[in-house]
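Read the structure below first, then the notes.
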Amino acid sequence: MSGNGAPELTVEGAEGLRVAIVAAQWHTTVMDGLLAGALTALREFGTAEPTVVRIPGAFELPIAAKALAENGYDAVVALGVVIRGGTPHFDYVCAAATDGLTRVALDTGVPVGFGLLTCDNEQQALDRAGIEGSKEDKGREAATAAVATVVALRTVAAPSH
């Protein structure tokens, strides 16, 4: 299972953070699970009520994440799912979304929680969606990673001159 070796993250000091979630709409059951997991984690951390923006699909995640990152959010959680089909479409969408989300984080300095499932089949996506019977909750993990990164970056002291 892909979750082997995952750290047990604890997050303290996240109260009041402004977090946005951008979530694709394809594969409703999987997406509802990912979104629920992210929202549950953010509530547990005491963040402010997150803004949730729904977009058509995974390819649109970077542009929405960038808009949110540039509008004062402390972190953005990006959620989506791409399931391999019989054409190279899967490879192009996965690469574009992954590269775009990385660029958003690096260009804006705002942590982006990576909750994009890139699966070979629907069962793999369901196993990671955080729904009943799932083995993992990638929505929760993405939200936790984004908030934990914000908290960690607060400890980085600016160099004195």
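Read-outs throughout are calculated quantities, based only on the coordinates presented, and are distinct from any laboratory measurement. Remember, predicted model here, so these are calculated numbers, not experimental data. No Cβ is skipped: glycine too gets one built from the backbone with ideal geometry, and neighbour counts run over all protein chains shown.
So which residues in the stretch 23-48 are without any contact (Cβ under 8 Å) to a residue 60 or more places away in the chain, farther than 9 Å from residue 80 by Cα and in a loop (DSSP other than H, G, I, E, B)?
Residues satisfying the conditions are 46, 48.
Which one is surrounded by the most Cβ atoms within 10 Å (Cβ to Cβ), of the residues in the stretch 51-106 that are hydroxyl-bearing (Ser, Thr, Tyr) and part of a loop (DSSP other than H, G, I, E, B)?
Ranking the qualifying residues of the stretch 51-106, first place goes to 73.
Within the stretch 42-79, can you find the residues that are among the small types (Gly, Ala, Ser) and under 12 Å from the mean Cα position of the chain (by Cα)?
Matches in the stretch 42-79: 58, 65, 75, 78.
Across the stretch 107-155, what is the total count of residues that are in a helix (DSSP H, G or I) and either more than 13 Å from the chain's Cα centre (by Cα) or closer than 22 Å to residue 90 by Cα (or both)?
Here the count works out to 16.
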